[in-house]
Each structure stands twice: as structure tokens, then as C-alpha cells.
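Q: The structure that follows is given in the form of C-alpha cells.
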Amino acid sequence: MKFSRRTDWNTEESALAKAHRERVRARLPVADLTASNPTRCGFAYDAQLLEPLTNQSALDYDPQPLGLLRSREAVCAYYADHGFAVSPDRVVLTTSTSEAYSFLFKLLCDPGGEILVPQPGYPLFDFLAVLDDVRIKGAPLVYDHGWQIDPESFGRAISDETRAIVLVHPNNPTGHFTKRWEAEELAKLCREREIALIVDEVFLDYAFGAERATSFAAGLEGVDVYAVSGLSKIAGLPQMKAAWIVASGSHAADAMARLEVIADTFLSMNAPVQGAMSAWLEGRGKIQKQIKERVEANLAELDRQLADLSIVRRLEVEGGWYAVLRIPALQPDETTALELLERGVWVHPGYFFGMEEKGWLVVSLLGPVEQFRTGVKAIVDYFRTHQPDNNCLVSIEP
Ligand SMILES: Cc1ncc(COP(=O)(O)O)c(C=O)c1O
């Protein structure tokens, strides 16, 4: 029997994953600074949260490919709260943002089609793309007092096979929002090359401070924009499997007709969750408040502990659940992550998010404050004893 080439993955456990598994099995302490699952981070969820699932109306199976109208209206109400008018006939519900990407890749790409994705970025793209026979092309972000796109490198990366540019707004893990000038540059490229813009806004509501971010769901002049988001981050409910795509632009009506056929082929949304979506979206404020307070407290704790350690720098961050650390690039980041794990803290090496050069760690700001404090202390202690010594970079035996 032969398997498909697209599933020809190296499924061997990485050295880091193995070390983590063994440490957990040995019951040694691990401060988890990779946490991304809000249901395991000690937040208080409303006891009534599951009540809408028992609504008798869910006993009726009304297969609507785009999703039930009242659930799509709930998505529109979310955007109305942000000041954007979205029509329910431009919304398609999906079981996850991942499924939304898969629908969009099917909609926009033939096999071998290319999607441009900023690097560093969300690591799941590679797998999502391969499963739809699509190629991901990285376009490097530049860091200079904050992350930004380099329009020239985006322009150069576009080929005849390119069908869309993906933006994550704010980006994971860099935590920067797309600025107006960046949106204009990308819109220009999309118009010139007749390609679409996919904007992932799962972290939209997690801007640091009081600032409210602008959504792309209402569209961009002259560009076909597909905004994707979902309950996993917006309502802190990854287990409920509910997300969506909002289509805008001059081809939106045709796109919706095609998306309807894609969605009809799977009909993957279940009725009870669709019925509960409006209640969960309306109630998002409570969990968002807890998550925001947590990530902001952890960011402040990170800065406090790093204040007198000049060799580790926390990069500018504007939103999301992560912080990027610049560390001395003296050895592979995986080695550093392994050595940190031996000291009881689990962090992501930069390559996990597509950072090609060494010298980067990524920490999640989502975990409980006490655990976070312990983890950062282990990082600080580690780097205090691993200061680069300029006088003896190379030791030569006589
Ligand atoms: C940028 C980004 N998009 C999408 C997702 C996943 O969303 P979902 O659970 O809806 O598939 C994540 C998860 O971490 C993410 O970081």
C-alpha cells in the first residue's frame, strides 16, 4: 500500500518534546511558558455557559451550508460592536479557523497554488497548506523598533501562482497589528496582481492597553478580503469549534456561492453549537477581561525581571498572547530551550514560528501568574550564568 506524498511527514518526536514528556513523567516541575489553551490556564468560566446547548431547537436538523442565519447574525453583531457593518450573507461558519483556511485555499488555489505568509508566523500554516496541495511562501517581517512588513519583499515573493497574501492581525507570535500604511501597501499589491487578502483576526480583541483595533471585515477598497476569526480566542472557547469567514470585495457574491458549495460538501457545523454562538459571543467580555488582565500582568512581570539583564531583550508587542525574546545567538535555540527545560521552564525556540536565524525564544503570556513568574525567574537565572564572554569566545588548546 502507498500513502500520499502530502502525508509524508517526519512524525518523529522532537528532542524538545521528548525531554518535556520525560520530565512530566518523572513528575519534575515544569513552568509552562508555551500555554495556548485558555481552558487550562485557571480562568473562571460562567457556570451557565453550557445551558444554550440544551435548547430544544437543536433537535431539528436544518442543514444550512453557510450556517444558521441567527448564528451568522451573531457574528455580524460582533463586528457591529467594533463599528463595522457586515451582512450575514457575506458570512460562512466553519468549525475552526483552520477549517476556514482550508475552505479559502480550496476556493482560491489550484494544486500548486501559492499563498504568501509573513514570517515569523503561526506554524500550522505549513500543514494546512500541504493538506490542500498549496504551497506556503514566507515573506520576512522586519524588526526595527517594532515589527513591520517589507513591501518590496512581499512584491518580490509574488509569482504567477500566488493567489493570496495572509495577514495575521495582530500577528502570532510577534504581537504587532497591521498599520494603515502596511494595509495600503498590501492592498496595492493585491490590486496590481489580482490576488486576495486573507486576514486572520483571532487575536483582534487582545490589544494591550485601552486601544481598540480596526477589523478588516468591512473590506479594503478594490481588494477581495477574507477576514477569518472564531470563538477559540474571542470567547476563550477552543473546544466549541466555531469560527467564520467574512467575504468582501467585488467578487464576494461569486465567492460566497462557491464557499456555499464547499461548506455544503461537509456540513461540518453542528446545530447545538450554532444555537449557542450568539450567547457565547455576547458573553465574551468576561473571559476577555480575565485574559487581558493576565497577559498584561505577565508582560509587566517579564519586563520587571528582565530589567537588569541586558543580554535578553523583550521585543515590542502590541497585542496577542505571546512575547518574543531576543537572546544571544551563541548556540541553536533548541539547545537553549532544552537547557531551560532542565531548569524547569518550557519555552518555544524561535524556529517553531519560522525564525530562521538563531537567537529567539517565544513565551506565552497566558499561563497562571505564579507559574509565569517562576518560569521567567528560571530564564533570568539561566542567562545570568550564560553571559557571552567576549574575551574567550574561542578557547585554543596550546
Ligand atoms: C493566528 C492563529 N490563527 C488561528 C488559530 C487557531 O484557531 P482555531 O482554534 O479557530 O482553529 C490560532 C491558534 O493559536 C492562531 O494562533
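Q: Run Arg27 past the list (1) surrounded by fewer than 10 Cβ atoms within 10 Å (Cβ to Cβ); (2) modelled with pLDDT under 95 and report the number of the one that doesn't hold.
A: (2)
Q: Looking at the range 322-335, I want the residues that are part of a loop (DSSP other than H, G, I, E, B) and have a partner that is of a type in the set (Ser, Thr, Tyr) and modelled with pLDDT of 95 or more with Cβ atoms under 8 Å, at least 6 apart or on another chain. Which pairs are those?
A: Every condition considered, the pairs that remain are Ile327/Thr336.
Q: Quick one: which residue in Gly275, Gly320 is buried (at least 19 other Cβ atoms within 10 Å of the Cβ), on the phi > 0 side of the Ramachandran plot and not polar (S, T, N, Q)?
A: Within the list Gly275, Gly320, the selection yields Gly320.
Q: Enumerate the strands (runs of 3 or more DSSP E) found wholly within the range 44-156, keeping only those where 2 or more residues are more than 16 Å from the ligand (Cβ to nearest atom). Full working, then the answer.
A: Details: elements: 91-94, 114-119, 135-140.
Filter on the range 44-156 gives 135-140.
Q: Show the residue pairs that are 6+ apart or on different chains and have beta-carbon atoms under 7 Å apart, the first residue being within the range 152-173 and among the charged types (D, E, K, R), the second being more than 16 Å from the ligand (Cβ to nearest atom) and assigned to a helix (DSSP H, G or I).
A: Hits for this filter: Arg163/Leu108.
Q: If you check Gly146, Gly236, which single one turns out to be within 28 Å of Pro52 (Cβ to Cβ) and either crowded, with 17+ Cβ neighbours inside 10 Å or touching a residue at least 40 places away in the same chain (Cβ under 8 Å) (or both)? Steps first, please.
A: Details: Gly146 fails: within 28 Å of Pro52 (Cβ to Cβ).
Answer to the check: Gly236.
Q: Which condition from (1) more than 23 Å from the chain's Cα centre (by Cα); (2) at pLDDT 95 or above is the one that Ser364 breaks?
A: Ser364 satisfies all of (1) more than 23 Å from the chain's Cα centre (by Cα); (2) at pLDDT 95 or above except (1).
Q: Could I ask something else about it? Check Leu33, Leu59, Leu53 and return the single one that is crowded, with 20+ Cβ neighbours inside 10 Å and over 19 Å from Val228 (Cβ atoms).
A: Working: Leu59 fails: crowded, with 20+ Cβ neighbours inside 10 Å; Leu53 fails: crowded, with 20+ Cβ neighbours inside 10 Å.
Going through Leu33, Leu59, Leu53 in turn, just one is crowded, with 20+ Cβ neighbours inside 10 Å and over 19 Å from Val228 (Cβ atoms): Leu33.
Q: Next question, about the same structure. Give the range 163-188 a look and list any residue that's under 17 Å from Gly121 (Cβ atoms) and among the acidic types (Asp, Glu), or say none.
A: Across the range 163-188, the qualifying residue is only Glu182.
Q: Is it true that Arg163 is in contact with a Cys (Cβ under 6 Å, 6 or more places away or on another chain) and either of a type in the set (D, E, K, R) or crowded, with 22+ Cβ neighbours inside 10 Å (or both)?
A: Values: in contact with a Cys (Cβ under 6 Å, 6 or more places away or on another chain): yes; either of a type in the set (D, E, K, R) or crowded, with 22+ Cβ neighbours inside 10 Å (or both): yes.
Judged against the criteria, Arg163 is a match.
Q: Sticking with this one: Just to be sure, is Arg40 basic (Lys, Arg), on the phi > 0 side of the Ramachandran plot and out of contact with any His (no Cβ under 8 Å at 6 or more places or on another chain)? So that I can check it myself, show each step before the final result.
A: On the way: basic (Lys, Arg): yes; on the phi > 0 side of the Ramachandran plot: no; out of contact with any His (no Cβ under 8 Å at 6 or more places or on another chain): yes.
When the stated conditions are applied, Arg40 does not pass them.
Q: Restricting the search to the range 1-20, which residues are more than 20 Å from Tyr351 (Cα to Cα) and in a helix (DSSP H, G or I)?
A: At the first step, the residues of the range 1-20 found to be more than 20 Å from Tyr351 (Cα to Cα) are 1-8.
Once the filter is applied, which keeps residues that are more than 20 Å from Tyr351 (Cα to Cα) and in a helix (DSSP H, G or I), the range 1-20 yields Arg5, Arg6, Thr7.
Q: Among the residues of the range 196-217, which ones are of a type outside the set (Phe, Trp, Tyr), within 30 Å of Asp160 (Cβ to Cβ) and assigned to a loop (DSSP other than H, G, I, E, B)?
A: Glu201, Ala217
Q: State all residues of the range 207-233 that are within 11 Å of the ligand (Cβ to nearest atom) and surrounded by fewer than 23 Cβ atoms within 10 Å (Cβ to Cβ); if no residue qualifies, say none.
A: The initial filter retains those residues of the range 207-233 that are within 11 Å of the ligand (Cβ to nearest atom), namely 228-233.
Within the range 207-233, just Ser232 meets the criteria.
The values are calculated or read from the model by the stated rules, or taken from the named source; none is laboratory data. If you're wondering where the values come from, they're calculated on a predicted model, not measured in any experiment. Quick reminder, even Gly has a Cβ in these numbers, built from the backbone with ideal geometry, and neighbours come from all protein chains shown.
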